[in-house]
Amino acid sequence: MNININKYKKNFNFKLNKKIYNFWIKKKFFNSFYNKKKKSFYLLLPPPNITGDLHIGHILNFTLLDIIARRYRMMGYNVCWIPGTDHASIATEIKILKYLNNKGININNINKKKFNKILLNWSIKYNKIIIDQLKKIGFSCDWKRIQFTMNKNSYKSVIKIFIKLYKKGLIYKKKKIVNWDTYAKTTISDEEIIYKKKKKNLYYIKYFTEDKKNYLVIATTRPETIFGDTAVCINPYNKKYKYFIKNKKKLIVPIVNRIIPIIVDKLVKKKFGTCCIKVTPGHSKEDYKIYKKHKLKIINILNDDGTLNKNCTFFKGKNIIYVRKKIIKILEKKGFLIKKKKILSKIALSDRSNTIIENKLSNQWYLKINKFIKPTLKNIKNINFYPKNKYNNLFYKWINNIKDWNISRQLNWGHKIPVYYYKNKIIVAINKKEALKKIKKKYNLKKIDKKLIIKDNNVLDTWFSSWILPVSALNGINKPNNKDFNYYYPINILITGKDILFFWVLRMIMFSSYFLDKIPFKNVYFTGIVRDKNKKKISKSLGNYKNLYLLINKYGSDVLRISILSINHDNDFIFNNKILLNSRNFINKIWNTFKVIIKNYNIYNIKKKKKNLIIKWFENFLFYKINKLNNYLDNYKFYKSFILIKNLLKKNFCSIYLEYFKKNNNNNYFKKKTLKYFLIILKILHPYAPFITEYIYKEINKKFFLKKKYITISSWPIKNKKYNIKIINKFNNTLSFIKKIKKINFKKKKNILYIKKKYFKKIKKNIYYKLIYKFSLIKNIKIKKKITNKYLLLYNNNIKYYFLKKKINFNKKKKKKIKKKILIYKKYLLKIKNNIKNKNFLLLAPKKIIKLEKKKKKDIEKIILNLKKNLLFI
């Protein structure tokens, strides 16, 4: 059979990827429908935010999901992988604000209608970009089921759940101290805050008694909030302040001249400042606790944009940072400021806007969480988390310390809270028309002035639409227990980053447990976080990532996928260009392997069917590796699975099997087996590098008419296929010996290996010993009775082999260098051994350091052993 090898270029043309993907879509390979005869397999793409295009962090999670989807599809499952995007209310709105600011457009000059139109156009644009990028990388999603967390189905589902929870008495509105983002002018959750350590001034300020005869010294980092002071609190165990407490003294707030009480509470830390703090309940969570306990007054001093309000007299409308500088000057001038000193303090920043968070008293909507805890604890036990034993305790810690969920946000973009107000009465309704009916019925009214019905202007937290997604994606809220929902639910495996473990994963479990008494997913795999060279998380908000289109156009999608799999992603990792280059080399290796096999098929065939030792080994070895691969994938060990396939192709199939095949390409049986093995390797490679494997498979099919025309719908290699481990071990022993021989620098091409008589029978039992002649510079093995110092000794599998030293070139300079290295490592090893033996070290050193020292000892011993082995061959 003659195949035109010249039509295949030097490297795989990844510009064909679009054509290949469109073909998959045309053939409806990724579409999933209800089918009783097939086992269902449900996957959900964690919806990326429409704040911008995708980055390498997204590609990590989605590639792992695609590996699962493609593998299970090949295993005969009815795979339903639902893609989608997230409206990401606060993240998107902040992105728009920054976008307008960069263009020099003042947000205050844009009306609400125009601003919403800008938001809508942005969402349309980036929805298209994200979907296009997902397709370009080759993700095998069911595009007919695509979701957007603000589409009609999602909106109806969100509103329905809100109304249900409100009717159950689980949603309420209350004034509480919240985290306030002054840039976005909205509340944010504790989990949306990042903390940075920064040096700050601690100011010591005099608060005089009402009679102005004495004063207390208050230590504070926030002098600008004195306008909101309603008390001074003292630690009860501090004897220094007994006089003030006993005589029930009152104090005057500097500048403000407000009379405030002195109270006593354990909440005041003994070691902070002067053990005496000013209490500003409207702008501190800790002070708010004191306010509630002691029934103090509360004064709000902040506007939504971070400026001071009318309660701050002549500082009204001024920025809080500006006020701090000015107020210190006034306090100093009037003699209230005693001193200031630098301290290291935590600063709370908004994860989205990078703005300093202010504590502020605000009227917000909350979801009561206590009713969710019991069903969640019951169901969470039935979910497997991977990597194992890494996150289980964290879940329980969060559940046991969880607070009521602040579900309202003061934004334009998002699901509007379905609440209306009529003469200060709350009416929960789907729309204004329904609200009108409810008011008439509730208050027995025939006519109502519609202008008196006011819509709540808040939107729901983004995660309120995300926590219902596993159910709403199958329309399980608007049409409970529909055919699709009962067939697919729950999700088989969820893959996501550990950074949204609380935001999303836990809340999905809570929702499904409470409403359905079911788990939303059977398994969860948490990936590490992809970081840049500065070890910062790669994210859209930071913009510290390369444009995905540029990477795709330069390297191709398969290279990008392989790159992300080349690193152990169980933990955080740094992504760089070197990984991309190495991955491109691997894709080239697949392509060149294909060309070698095709080229060798063109050689004239001699009819010959003879079982070959290499075939016997590789067939057993291949199925041994496939069993191992399936075990890795069943336990979501993606990195190990890829390394196994990579080594199988490069080190075993190409470097050993194919080298032998090239020398025996006149054997028909060998050719057929070689093609068979290559097709199996292509199949297990397909979920990792789908484009190149589909193209090669299609090209092979043109010539050999395979059972399945396309690799995407071909069958996955059989699990638990029997293999003979003895054959594998015998070959591996021979191979390791050949590698040792290859390290020796022989003077001539043909050499003799000597062995004692007692070992000769032993090596003859190994059917692979003849391979030594094929793959090394050994022409014969002879028995030698007497061995002198003229011979070089070589150990392998407890057998002693010998070579004549005079036939070997020894490099004295290299030997000296290696001996020096051995001495250096031996000295270092001695130090470590002394540390490990030292009783004081073992008693005082942390367990981590002791473990590290023991690991160092093992590693250095290995290095020394390898260096000694190398000495033999130099």
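Observations
- Lone qualifier among Lys827, Lys851, Lys862, Lys856 - being surrounded by 13 or more Cβ atoms within 10 Å (Cβ to Cβ) and assigned to a helix (DSSP H, G or I): Lys856
- Against the test of being on the phi < 0 side of the Ramachandran plot and open to solvent by 80 Å² or more (accessible area, probe 1.4 Å), the options Lys756, Lys820 yield a single qualifying residue, Lys820.
- For region 300-387, the strands (runs of 3 or more DSSP E) that sit wholly inside it and include 1 or more residues that are open to solvent by 10 Å² or more (accessible area, probe 1.4 Å) and not assigned by TED's automatic domain parsing to the domain that holds Tyr215 are 357-367, 384-386.
- Filtered residues of region 30-50 (kept if open to solvent by 10 Å² or more (accessible area, probe 1.4 Å) and closer than 24 Å to Asn547 by Cβ): Pro46, Pro47, Asn49
- The sole residue among Phe678, Phe621, Phe638 that is in contact (Cβ under 8 Å) with a residue 40 or more places away in the chain, crowded, with 20+ Cβ neighbours inside 10 Å and farther than 30 Å from Asn22 by Cβ is Phe621.
- Candidates Trp405, Trp504, Trp463: the one that is of a type in the set (A, V, I, L, M, F, W, C), open to solvent by 20 Å² or more (accessible area, probe 1.4 Å) and closer than 30 Å to Tyr42 by Cβ is Trp463.
- Within region 68-120, considering residues that are closer than 16 Å to Leu411 by Cβ and among the hydroxyl-bearing types (Ser, Thr, Tyr), the one surrounded by the most Cβ atoms within 10 Å (Cβ to Cβ): Ser89
- Restricting region 711-726 to residues that are of a type outside the set (S, T, N, Q) and at pLDDT 90 or above, the residue that is nearest to Phe618 (Cα to Cα): Ile725
- Qualifying positions in region 262-285 - part of a helix (DSSP H, G or I) and buried (at least 18 other Cβ atoms within 10 Å of the Cβ): Pro281, Gly282, His283
- One residue alone among Ile454, Ile509, Ile491 is farther than 17 Å from Phe372 by Cβ, of a type in the set (A, V, I, L, M, F, W, C) and touching a Pro at 6+ places or on another chain (Cβ under 7 Å), and that residue is Ile491.
- Among (1) open to solvent by less than 70 Å² (accessible area, probe 1.4 Å); (2) closer than 24 Å to Leu43 by Cβ - the single one Lys128 does not satisfy: (1)
- Residue in region 225-246 that is within 28 Å of Trp180 (Cα to Cα) and open to solvent by 20 Å² or more (accessible area, probe 1.4 Å) present: no
- Restricting region 768-783 to residues that are in a loop (DSSP other than H, G, I, E, B) and surrounded by 15 or more Cβ atoms within 10 Å (Cβ to Cβ), the residue that is farthest from the chain's Cα centre (by Cα): Leu777
- Unique match (being within 23 Å of Asn393 (Cβ to Cβ) and either aromatic (Phe, Trp, Tyr) or out of contact with any Gly (no Cβ under 6 Å at 6 or more places or on another chain) (or both)) among Gly497, Gly556: Gly497
- Remark: Lys440 matches the filter, which requires a residue to be open to solvent by 70 Å² or more (accessible area, probe 1.4 Å), in a helix (DSSP H, G or I), in contact with a Lys or Arg (Cβ under 8 Å, 6 or more places away or on another chain) and not acidic (Asp, Glu).
- When residues of region 156-196 are limited to those that are small (Gly, Ala, Ser) and modelled with pLDDT of 95 or more, the one nearest to Arg352 (Cα to Cα): Ser157
Listed here are the residues, each with its yes/no results for (1) among the aliphatic types (A, V, I, L, M); (2) open to solvent by 60 Å² or more (accessible area, probe 1.4 Å); (3) farther than 19 Å from Phe162 by Cβ.
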{"position": "Lys432", "(1), (2), (3)": "no, yes, no"}
{"position": "Ile448", "(1), (2), (3)": "yes, no, yes"}
{"position": "Leu469", "(1), (2), (3)": "yes, no, no"}
{"position": "Phe485", "(1), (2), (3)": "no, no, yes"}
{"position": "Met510", "(1), (2), (3)": "yes, no, no"}
{"position": "Ile519", "(1), (2), (3)": "yes, no, yes"}
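- Residue, farthest from Phe691 (Cα to Cα), within region 139-181, restricted to residues that are part of a strand (DSSP E or B) and in the same structural domain as Ile124 (by TED's automatic domain parsing): Phe148
Per-residue answers, yes or no, for (1) among the hydrophobic types (A, V, I, L, M, F, W, C); (2) touching a strand residue (DSSP E or B) at 6+ places or on another chain (Cβ under 8 Å); (3) in contact (Cβ under 8 Å) with a residue 60 or more places away in the chain:
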| site | (1), (2), (3) |
| --- | --- |
| Gly228 | no, no, yes |
| Lys239 | no, no, no |
| Asn257 | no, no, no |
| Ile260 | yes, yes, no |
| Val268 | yes, yes, no |
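- Qualifying residue in region 785-795 (condition: surrounded by fewer than 14 Cβ atoms within 10 Å (Cβ to Cβ), part of a helix (DSSP H, G or I) and not assigned by TED's automatic domain parsing to the domain that holds Ile626): no
- Hits in region 191-226 (condition: farther than 21 Å from Lys341 by Cβ, free of Cβ contacts under 8 Å to residues at least 60 places away in the same chain and touching a Lys or Arg at 6+ places or on another chain (Cβ under 8 Å)): Thr209, Glu210, Asn214
- The set of residues in region 700-715 being over 21 Å from Phe139 (Cβ atoms) and either open to solvent by less than 10 Å² (accessible area, probe 1.4 Å) or part of a loop (DSSP other than H, G, I, E, B) (or both) consists of Ile700, Phe705, Leu706, Lys707, Lys708, Lys709, Ser715.
The values are calculated or read from the model by the stated rules, or taken from the named source; none is laboratory data. Remember, predicted model here, so these are calculated numbers, not experimental data. Every residue, glycine as well, gets a Cβ built from its backbone with ideal geometry; the counts of neighbours run over all protein chains shown. We work out accessible area using only protein heavy atoms, side chains counted, and drop any ligands, DNA or RNA first. Shrake-Rupley method; radii C 1.70, N 1.55, O 1.52, S 1.80 Å.
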